[in-house]
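Everything on this sheet refers to the single structure shown next.
Every number in this text was worked out from the coordinates using simple rules, so none of it is lab data. Keep in mind that this is a model prediction, so the values were computed, not measured. Cβ coordinates were reconstructed from backbone atoms using ideal geometry, including for glycine residues, and neighbour counts include every protein chain displayed.
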Amino acid sequence: MQETMFVDPQRCIGCRSCVAACRECSTHKGYSMIFVDFFDRGETTATMPTICMHCAEPTCAQVCPADAIKQTEDGVVMTALKPRCLDCRNCVNACPFGVPKYNSAMHLQMKCDMCYDRSSEGLKPMCASVCPTGALTFGKYEDIVPLRRTKPVNIHYFGNQKVETKVYLMMPTNEADAIHIDGDTEFEEHLSAKAGDEASWLENEMGETDNSNEFRS
Amino acid sequence: MEARPTPQKLNYRNPTIIGLISSAVLTALVIIGSRNLENFDSALFGYTIASIVAFGAIAFRYSVWLQRPATRIYFKRGLQLFFNKRKFAKSAKSAATSIATNLVEQRFIFKRARQRWIMHFFIMWGCILAAAITFPLVFGWVHFTLEGDMGYRAHLFGFPLILMNGRSLIAWITFHGLDISAVMVMIGCAIAIHRRLNDRGAIALQQFLLDFVPHLLLIAISVSGLMLTASSLWFQGYMYSFISLSHQALVIMTLFFLPFGKLFHIVQRPASVGVELYQNRSAEAEQAICPRCRSSFVGKMWVDDLKKLVTELGYDYRLKNGHTLQDYCPRCKRVMRGLAYAKAPDKAEPVFYGSRVGGPNV
Amino acid sequence: MSKVENLAEIIEKYGPHLYDAPIDGWHADRKIDRAVPTHCPYCGVQCGMYLLVQDEQVVGFEPRYDFPVNEGKLCPKGVTAYLQTHHPDRLLYPLVKKNGVFERATWDDALDLVVSRLKEIQAKYGKNSVGVYSGSSLTTEKTYVMGKFARLGLGTRYVDYNGRLCMVSAAAGNNKAFGVDRVANSWDDIPLAEVLMIAGSNCAETFPILNKYLWQQRDNGGRWIVIDPRATATARQGDIHLQLKPGTDVAVANGLLNVIIREGLIDEEFISKHTNDWDAVKAVIGKYEPAYAGELSGIDPAKIEKAAILYGQAATGMILHARGIEHHSNGVDNVLSYINIVLATGKIGAPGRGYGTITGQGNGQGGREHGQKADQLPGQRSMTNPEDRKHMCEFWGLPEDELPEAGVSVVEMYEKMREGEIKALISTCNNGMVSLPDVNAIQRSLEALEFYVNIDFFMSESSRFADVVLPTTTWAEDEGVTASAEARVVKINKAIEPIGEAKPDWWIAKEIARRMGREKYFQFDTPREIFDELRAASKGGKADYYGITYEKIDAQNGVMWPCPTEESKGTPRLFEDKKFYHPDGKAKFFGIEYKGPAEVPDDEYPLALTTGRVVYQYLSGNQTRRIGFLVQQCPEPYVEIHPETAAKMGIADGERVKVVSRRGEGVFPALVVKTIRKDTIFIPYHWGDAKAANLLTNAKLDPISKIPEFKACAARIEKVASRDLPILGNSRKGASLSEVQRGK
């Protein structure tokens, strides 16, 4: 697969079209694997879309006791193998991006597999197909990047931990080669210090604050 | 400053020893159980050897698996919690419930899909039935003697059991147990293969060796087993020895396949009993509080174990503020990453506020 | 008497119920029989999509990557649109209300009842005692039939459509300035504009797919000026946000134009050659200096200057606006004041230079072209123009004296129901009990009717009042054309046969007309036959469809009218020759003075209330409030309040507060956000009954377009005792779902 995903949170309008469309992919029919989180609805309408970044060395796979999470040859990190997954949720809480979800009734972790039924055949994943603004885009690096004024970055630092991913984050600045995440003090210059303490009730009502990544149903 | 996960070094010495010991123990059991091979059918020698080797291989593989740091933690914790004296009764009850719902009833497969549960039901119980019949026979633990015209007597470890009328229903079921199991397995595998040929999700993900070969082997074993019955019942033993050899070859291949592919879940799955115990216990105990949103999202014991595990794997997710990334709930991890993104550009052009030209909003 | 009794039973039986999966569940192993290319049933972008059909049921969708407008993209409404076709709430057979209870009836019985009652009422009170209220989410064929049905089938003058609540101010403004009512450019021009001025449109939520073009423009280095009282997603992503007080658009636009003139950024040559009445503008604009405009609108004058210079200096630029400036008692003024900027800078009729309204409804453009508007005949002809009347009567073979006079706008029609002039109403494709202003008055109107026929595929808040409810089809069960907000005529294709006994609206209208003895005017059996009649009817009109055929639409992915000949490929960009549609070929300036909204905040009602949409719901919500996913994302309306305003009153986020206006009151949870002005509150309007934002809104109409003032009225907030919230998430707080279940 030469194509990959490009995520540009700046463009996200928070419509959650991707969340609805995610359910239409055959590898996880009826289950949505994407997150669109408000930063803090009280402050801004800004939202953060999160899909699996498909790490080169996925933490989720390493922490899996059942060795159930596999990578394809083209670097896509798959949903846990159904016969193996023990529903231990190590991956859910180890993932630096907060991506894997779990369904306890089914004893199963589920995560974005880049709609492998579609992407392995050259079709766009559902989220990237429907995303109105191109906040989620699927394509070849050489096709997508020249169209954008943002800089593709596929290296995250969480504290000291470098995480390299198959998926690119489109940075709004040309200066960075990586994005650094270093705790929740980061945003105080942008949002009020109280932010994050208490989510807006709207986020609650939408199930946005179901912090455990559990499937409801 | 960069931390990278260290590749896990696997130790093969201990698993090899465990594997060899397992094989030796099984060999000893075969010898003892068959009264010094008195009741052992030498025609089944090939099966016996294959079983002993496969058993050793599974033990080897299981030991290697337990070396995964994640597995080891769950394994240790599971045992530790189970044998905690004060809560033993509770743990035993929890484990019994888990065994009943997860391993016997397999409710979780039903939740995944009803068709899947039916498929798995047929394959699993077919295989268990077949194994329950064949292994004792192969190992010489059970054998039958003819008493009178129609009387069969079963012997377990050489001890005589009840006498059956050879024309009774029970006898018919007993002697056709393998045929019944073969039919069950074939039904289950047919459902599985049908799904794999039609479900677009499965089609995208499946690999021939991992997902089809086990089913094909099981079907081949079932078909050749049924052919043996047919040959002896209706065709006066036509090609019996050839079919028998083929059947033996297929069974041995499957036994050797057990430790590697999809079928390893048979020995792996029971670990879910321990995992569930661990989770139940962790949910009752102190909860971890996400330092950002202040919600309790998982058990503290669990997060602490997970952090140790992540460190042991060579990751360094410690943040400047003294927390570890895994201290945060999944949602806050996502939001924090977004906020880091928002902070990235020049301050004059905040990404998530309007008015890039000019000052802050009215 | 049309009253709602047994409300609980009606809701129990007909919903809204939530439904969130294909009819037979989620399956990855489907054998799809066919993928039908069609368009989304919702907004004016008319995104292409394929409906997947299995065993004659719509079971999913597939992106239509090859349709140039959306290239596969869809908003959450579009993604879940297919779920409405087989929704359990669908009305499957005609219902007749007996003793307050809806009972199943045959089509014959129901239609006979309708016809006998209509005849009785018309005999007693005259032809005009019957009204027809239609909608713009219908295909153009159906809108044509509805207009003709009212005037030729029933012989009444009273017909109007719900586009009246949509963009009629833009339509009126465009007609006055340009002599034609159409967006001037196709959206392909958007990426070519250096600067976009987006006034009163949160297109991120209301036209999500339009953002594809906006971001293409941005990728080209473009800038956005966003004019909105709220820091919406659109405003957040823009470059300059003019956060004005609701209803002060004229002040802002005049302020912008004042700076543009002062800086010498006008196009003198264009003004003198191609426009009239520039002096009228100059006469009023002088006093709208940034300081004054800023004072009126509550905006930092420096920002007005920056925005004006940014737009004025740009070589290319477009102004787009939507309901935010149109839903006002001075909506036409608002529109004209922005058109003045366009004309003064000559940014029109060239690549990347243009102007347009972003029409709301799926067929908002098509629905206002072919004669279901109170004052209009097919092809954007006028009911009041004798030549147009003569032309249409000849075309229809109707004696001229049988063609009724022009009617009145829908809000006025509902007034006439209260006053007793209109005794019976046939409504289709609308839900006045949610979407019309001052819902309490609307309810009195419906209750005053002697006979009410409602046509819909779900039981709406309005349907509950009806004496007869006739089940119609969803968009997947019939074919026809719509015209998107860029005037692109596209084709909706039929995916499946109608569900149950549902019938398309045109069939229902035709059957009623036939039983009324007017069969000769309704000689058609398929949408294609209607379209062919419509094409011919529009020939020579402004909205000339004559050269458009179903085949041409398929071949070139839509045709933009005017398309007068069979050879014509349509007209993506208007005014390229700088010829406007007024007789002298010139565009017209209007000097607009700032008047402000009809109701301004005072001591008693100190806050400005504005209403709008959320991305998850469509219009009155009759379709979308039944789709589980959409409802989960936005389960109920709320009132947005600025934290400082909330703090003054001691209101916490999520607290239920009472919002009171001179017309009514409602209780809504407070959403305390910094994204709104301190003096303004906002409520989304998609809900009915006690949750209707339109309980509060002002029914004051624009004198020209007759659009009600949804976007500005005065209100106050009161604390209520109960803080109870129907919060789904609360029960789960701090624990995962399975743990909660285990605990139970």
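Among B:S98, C:G131, C:G48, which residue has its Cα positioned farthest towards the positive end of the charge dipole of the protein assembly as shown, with +1 placed on the Cβ of Lys and Arg, -1 on the Cβ of Asp and Glu, and the dipole taken about the Cα centre?
With unit charges placed on the Cβ atoms, the residue in question is B:S98.
Evaluate peptide C:646-658: per residue, the Cβ atoms of other protein chains within 10 Å of its Cβ; return the mean as an integer.
1
Provide a whole-number value for the mean count of partner chain Cβ atoms within 10 Å of the Cβ atoms in peptide A:53-65. Present the calculation step by step, with values, prior to reporting the outcome.
Details: counts 1, 0, 0, 0, 6, 1, 7, 0, 1, 11, 11, 3, 15.
Going residue by residue through A:53-65 and averaging, the value is 4.
Rounded to a whole number of µm²/s, how large is the Stokes-Einstein D of chain A at 4 °C and 1.567 mPa s, given Rh as the Kirkwood radius over C-alpha pairs?
Details: Rh = 17.9 Å.
The estimated diffusion coefficient comes to 72 µm²/s.
In angstroms, what radius of gyration and Dmax does the stretch C:607-730 have, counting Cα atoms only?
Calculated on Cα positions, Rg and Dmax stand at 14.4, 49 Å.
What ranking of B:K333, B:K320, C:K588 emerges when the number of other C-beta atoms within 10 Å of each C-beta is taken as an exposure proxy, fewest first?
Values: B:K333 27, B:K320 12, C:K588 19.
Least crowded to most crowded, the residues run B:K320, C:K588, B:K333.
Under the Kirkwood approximation applied to all pairs of distinct alpha-carbon atoms, what is the hydrodynamic radius of the stretch C:647-693 in Å? Don't skip to the end; give the middle numbers.
Details: mean 1/r = 0.0853 Å⁻¹.
Kirkwood hydrodynamic radius for the stretch C:647-693: 11.7 Å.
So, in Å, what gap is there between the alpha-carbon centers of the stretch B:21-42 and the stretch C:436-485?
Here the answer is 83 Å between Cα centres.
Can you compute the charge dipole magnitude of the protein assembly as shown about its Cα centre, using +1 on each Lys and Arg Cβ and -1 on each Asp and Glu Cβ, nothing else charged? Give it in debye, rounded to the nearest 20.
3460 debye
Three principal axis extents, largest first, for the C-alpha atoms of the stretch C:168-357, in Å?
Dimensions of the stretch C:168-357 along the principal axes of its Cα atoms: 40, 34, 31 Å.
Charges only on Cβ, +1 for Lys and Arg, -1 for Asp and Glu: so what's the dipole of the stretch A:3-205 about the Cα centre, in debye to the nearest 20?
740 debye
Could you tell me the extents of chain C's C-alpha atoms along the three principal axes, largest first, rounded to whole Å?
The Cα atoms of chain C stretch 73, 70, 57 Å along their principal axes.
Within 10 Å of each Cβ of B:271-277, how many other protein chain Cβ atoms are there on average? Mind showing how you got there, number by number?
Values: counts 5, 6, 1, 3, 8, 5, 0.
Partner-chain Cβ atoms within 10 Å, mean over residues of B:271-277: 4.
Using the 2.2 N^0.38 Å rule of thumb for compact globular proteins, work out how the stretch C:447-528 stacks up: its C-alpha Rg over that value, please.
For the stretch C:447-528, the normalised Cα radius of gyration comes out at 1.27.
Could you give the spread of the C-alpha atoms of the stretch C:296-455 along their three principal axes, from largest to smallest, in whole angstroms?
58, 43, 25
Applying a 10 Å radius around every beta-carbon, put C:660-671, C:91-102 in order of their mean neighbour count, most first. Write out the running numbers ahead of the final one.
Values: C:660-671: 19.4, C:91-102: 17.3.
Most protected by this proxy first, the peptides run C:660-671, C:91-102.
At 37 °C and a viscosity of 0.692 mPa s, what translational diffusion coefficient does Stokes-Einstein give for the stretch C:506-609, taking Rh as the Kirkwood radius over Cα pairs? Give it in µm²/s as a whole number. Each step should come with its number before you reach the end.
Numbers: Rh = 18.3 Å.
Answer, rounded: 180 µm²/s.
Counting only DSSP beta bridges with both residues in the protein assembly as shown, tell me the antiparallel percent, nearest 5.
60 percent
Across every pair of different alpha-carbon atoms, what Kirkwood hydrodynamic radius in Å does the stretch A:87-158 reach?
Across the stretch A:87-158, the inverse of the average 1/r is 14.7 Å.
From the residues C:I271, C:A536, B:S22, which one has its Cα farthest along the dipole of the protein assembly as shown in the positive direction, the dipole being from +1 and -1 charges on Cβ of Lys/Arg and Asp/Glu about the Cα centre?
Farthest towards the positive pole: B:S22.
I'd like the distance separating the alpha-carbon centroids of the stretch B:201-242 and the stretch C:575-594, in whole Å.
What the calculation gives is 83 Å, centre to centre.
For C:L574, C:L534, what's the fewest-to-most ordering of other Cβ within 10 Å of each Cβ?
Values: C:L574 25, C:L534 28.
Starting with the residue having the fewest Cβ neighbours, the order is C:L574, C:L534.
Do the alpha carbons of any pairs in C:K273/C:K539; A:K162/B:K111; A:K111/B:K307; C:K77/C:K569; A:K82/B:K85 sit beyond 27 Å of each other, and which pairs?
Pairs exceeding the cut-off: C:K273/C:K539; A:K162/B:K111; C:K77/C:K569; A:K82/B:K85.
Equivalent-ellipsoid semi-axes (√(5λ), Cα gyration tensor) for the stretch C:1-116, whole Å, largest first?
They are 35, 16, 15 Å, listed largest first.
Spit out the partnerless Cys residues in chain A, using Cβ distances under 4.7 Å as the pairing rule.
A:C12, A:C15, A:C22, A:C55, A:C64, A:C85, A:C88, A:C95, A:C131
Treating cross-link reach as a plain straight distance, find the aspartates and glutamates whose alpha-carbon is under 12 Å from the alpha-carbon of C:K678, omitting any fewer than eight places away in the same chain.
The reachable aspartates and glutamates, counting only those whose Cα sits under 12 Å from C:K678, are C:E640, C:E644.
If each residue's Cβ is checked for other Cβ atoms within 10 Å, how do A:V153, C:V130 rank with the fewest at the top?
A:V153, C:V130
On a 27 Å Cα-Cα criterion, which of the cross-link pairs C:K142/C:K586; C:K3/C:K711; C:K282/C:K303; C:K148/C:K416; A:K70/B:K76; C:K416/C:K494 come out too long? Let's see the in-between values first.
On the way: C:K142/C:K586 34 Å; C:K3/C:K711 30 Å; C:K282/C:K303 22 Å; C:K148/C:K416 21 Å; A:K70/B:K76 25 Å; C:K416/C:K494 38 Å.
From C:K142/C:K586; C:K3/C:K711; C:K282/C:K303; C:K148/C:K416; A:K70/B:K76; C:K416/C:K494, over 27 Å: C:K142/C:K586; C:K3/C:K711; C:K416/C:K494.
Per-residue counts of other Cβ atoms within 10 Å, averaged by peptide: what ranking do you get for C:10-20, C:463-473, highest first?
Values: C:10-20: 16.8, C:463-473: 25.2.
My ranking of the peptides, most packed first, is C:463-473, C:10-20.
Two decimals is fine: what is log10 I(q)/I(0) at q = 0.16, 0.24 Å⁻¹ for the stretch C:153-257, from a Debye sum with one equal scatterer on every Cα and no solvent?
Relative scattering, expressed as log10 I(q)/I(0), comes to -0.85, -1.44.
Taking the Cα-to-Cβ direction at B:R167 and at B:M150 and moving 7 Å from each Cα, how far apart do the two end points lie in nm?
Each label point lies 7 Å from its Cα, and together they span 0.4 nm.
Using the charge dipole of chain C (Lys, Arg: +1 at Cβ; Asp, Glu: -1 at Cβ; taken about the Cα centre), state which of C:I548, C:V657, C:N258 has its Cα farthest towards the positive end.
C:V657
Treating the beta-carbon of each Lys and Arg as +1 and of each Asp and Glu as -1, no other charges, what is the dipole magnitude of chain C about its Cα centre, to the nearest 20 debye?
The calculation lands at about 840 debye.
Let me know the volume per residue of the alpha-carbon convex hull for chain B, in Å³.
Enclosed volume per residue, from the Cα hull, is 221 Å³.
Roughly how many whole Å is it from the C-alpha centroid of the stretch C:96-146 to that of the stretch B:77-106?
After rounding, the separation between the Cα centres reads 68 Å.
With the alpha-carbon atoms as the only input, what is the per residue convex hull volume for the protein assembly as shown in Å³?
Given the Cα convex hull of the protein assembly as shown, per-residue volume reads 201 Å³.
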